[in-house]
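The structure appears right after this line, and notes come after that.
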Amino acid sequence: MSGFPIDKRVTVRKAEDRDNQSVLELSPKCAQFGMITMYPDRSPVFNRIHHLLDAGSYHMLAVNGNRVVGTLGTMHTDYFFRDEPVRTAYFMDFKVDPDFRLGITAYRLVKTSIDLEHEAGTRMALATLLKNNDDPMVFTKGRGGFPASLYLGDNRIYNFVPIRKIKIDSRFVIRPAVEADIPDLVDLYNRYYRTYRLAPRMTEKKFRHYITQIDGLSLGCFYVALEQGSIKAVVAAWDAGSIKRFMVIKSNFKVKLISGLVKFLSFFGRMPEPIRINQPLKQLTLVLYAHDHCNEALSALFRYVNNKNIGGEYSIIQLQIHEDDPANESLKGLTGISVYSEIHLFTDTLQFAREIQNTVGLVHLEFPNYI
């Protein structure tokens, strides 16, 4: 017996509230393989964060009977190109049950979503695909009626372990952000975002929405680095566990070696929580970082968060950054492992794609584009 279901009839439609449990049950069947084999768990409501970030977000489902066998989510935001907003879709949560990967289920999910975005007038779409995962790459090659993507480089997913105290540059005073900082932070974000070819923008309304509506992302999670009273950098240390957590299935030799080292060193001092199989990964995520042409200030913040969490409840601290971003210099001195995903951009016309391709600069992804 092949194990494939006899009835392969699949319906593609938008997710409804009644689908929640079946979508959650699909996730463990579509584990992410790598240094740590794990799957994302967004219980109790799989799309709660997406609706908080974009009321028009949706998930297309492939349904066989009452069973969800595939998902593809879409969120919307404005990315700015040449200082002009462009409606942009972000494709995420692309999962297909292993029993349905030999047919056209994936094709139908992608085709339906692209058609909907085209009808809505969406000009750009972004997707991040795990490096060396060849299965979804077919949708980036311009075959089967799909537009070819513009490859924008690799997104570095850096996971560092707060295992030792690191010296912080004494030029900077680090403290939690306060209410009075908000106008300056909004201004800092926008000056920082303008250094990229493609990036979002910040408004005070959006910032306040983040700190009041997103679980775990209160103003007290933000830290600022000041030099002579001026804010030079900011970062938010976000525990997103109430919204999304990764369930660990197994880990490779390198991760086991680090975990073993952590356990051994715990006999001599405070160490982070070890990575445990069949348990959620204890992770702190660094988001909404920016600096005022001062990588040193950003480095001071990253080191501060590292030092603050030595011997704490988190196994790793994660942040995402373009591999060619000069801000990678700010990560020096931290102990960690990198994973990479490819950034692909789709546009409504070939001419628009060429305009973007011929413009110098990087793309900056923020947490709505990888949560």
Practice problem: With θ set to phi - 60°, apply the Karplus curve 6.51 cos²θ - 1.76 cosθ + 1.60 along the range 102-114 and write out the HN-Hα couplings as whole Hz, x wherever there is a Gly or Pro. | Solution: 8, x, 10, 4, 4, 4, 5, 4, 5, 4, 5, 5, 5
Quiz item: Once you put a point 7 Å from the Cα of Glu296 and another 7 Å from the Cα of Lys141, both along the Cβ direction, what distance in nm separates them?
Solution: 4.9 nm
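Send over a whole-number figure in Å² for the accessible area per residue of the range 64-195, probe 1.4 Å. Can you show the working numbers first?
Values: 6460 Å² over 132 residues.
Value returned for the range 64-195: 49 Å² of accessible area per residue.
Under 1.5 on a/c is rounded, so check that first for the range 35-74, then, if it is not, pick prolate when a/b is larger than b/c and oblate when it is not; a ≥ b ≥ c are the square roots of the alpha carbon gyration tensor eigenvalues.
On the way: a/c = 1.90, a/b = 1.05, b/c = 1.81.
Taking the square roots of the gyration eigenvalues as a ≥ b ≥ c, the range 35-74 is oblate.
Please state the relative contact order of the chain as a whole percent: Cα pairs under 8 Å, 6+ residues apart? Can you show the working numbers first?
Values: 710 pairs, mean separation 84.9, N = 371.
Here the relative contact order equals 23 percent.
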Practice problem: Determine the shape class of the chain: with a ≥ b ≥ c the square roots of the Cα gyration tensor eigenvalues, call it rounded for a/c under 1.5, and otherwise prolate if a/b is greater than b/c, oblate otherwise. | Solution: oblate
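Counting each DSSP H run of 4 or more residues in the chain as -39500 (n - 2.57), what helix-only mean residue ellipticity at 222 nm follows after dividing by all residues, to the nearest 500 deg cm²/dmol? Intermediate values should be presented prior to the final figure.
Details: 8 runs with 85 residues, N = 371.
-7000 deg cm²/dmol, from helical runs alone.
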Quiz item: Is the shape of the range 36-157 best called rounded, prolate or oblate, per the rule: a/c under 1.5 gives rounded, else a/b larger than b/c gives prolate, else oblate, with a ≥ b ≥ c the square roots of the Cα gyration tensor eigenvalues?
Solution: rounded
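Calculate, for Arg9 and Asp169, the FRET efficiency according to 1/(1 + (r/R0)^6) with r their C-beta to C-beta distance and R0 51 Å; round to the nearest 0.05. Don't skip to the answer; put the middle values down first.
Values: r = 62 Å, r/R0 = 1.22.
For Arg9 and Asp169, the calculated efficiency is 0.25.
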Practice problem: Could you run the Karplus curve 6.51 cos²θ - 1.76 cosθ + 1.60 with θ = phi - 60° over the range 288-295 and give me ³J(HN,Hα) per residue in whole Hz, x for Gly and Pro? | Solution: 6, 8, 7, 8, 9, 6, 8, 4
Quiz prompt | Distance from the range 85-121 to the range 36-57 (C-alpha centre basis), Å | solution = 16 Å
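With a 1.4 Å probe and all protein chains kept in place, how do Lys131, Lys308 rank by accessible area, largest first? Before the final figure, lay out the partial values.
Details: Lys131 70, Lys308 115 Å².
Reading off the accessible areas and sorting them downward yields Lys308, Lys131.
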Practice problem: At most 15 other Cβ atoms within 10 Å and a DSSP loop assignment: could you name the trypsin sites (Lys or Arg not before Pro) in the range 165-258 that fit? | Solution: Lys165, Lys167, Arg171, Arg194
Exercise. Return the carbon/sulfur percentage of the accessible area of the range 55-106, one whole number, probe 1.4 Å, all protein chains in place.
Key: 51 percent
Self-check item: Glu16 accessible area, 1.4 Å probe, all protein chains in place, Å² to nearest 10
Solution: 80 Å²
Quiz item: Any idea which of Tyr340, Ala297, Leu217 is furthest toward the positive side of the dipole for the chain, if Lys and Arg beta-carbons carry +1 and Asp and Glu beta-carbons -1?
Solution: Tyr340
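If contacts are Cα pairs under 8 angstrom and at least 6 residues apart, what is the relative contact order of the range 264-363 in percent? Mind showing how you got there, number by number?
Working: 77 pairs, mean separation 31.0, N = 100.
Relative contact order comes out at 31 percent.
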Exercise. Could you pull the accessible area for Ser170 with a 1.4 Å probe, rounded to 10 Å²?
Key: 110 Å²
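The values are calculated or read from the model by the stated rules, or taken from the named source; none is laboratory data. Since the model is a prediction, treat every value here as computed from it, not as a measurement. Because the Cβ atoms are built from the backbone with ideal geometry, glycine has one as well, and the counts that use them run over all protein chains shown. Protein only, heavy atoms only, side chains kept; ligands, DNA and RNA dropped before computing areas. Shrake-Rupley method; radii C 1.70, N 1.55, O 1.52, S 1.80 Å.
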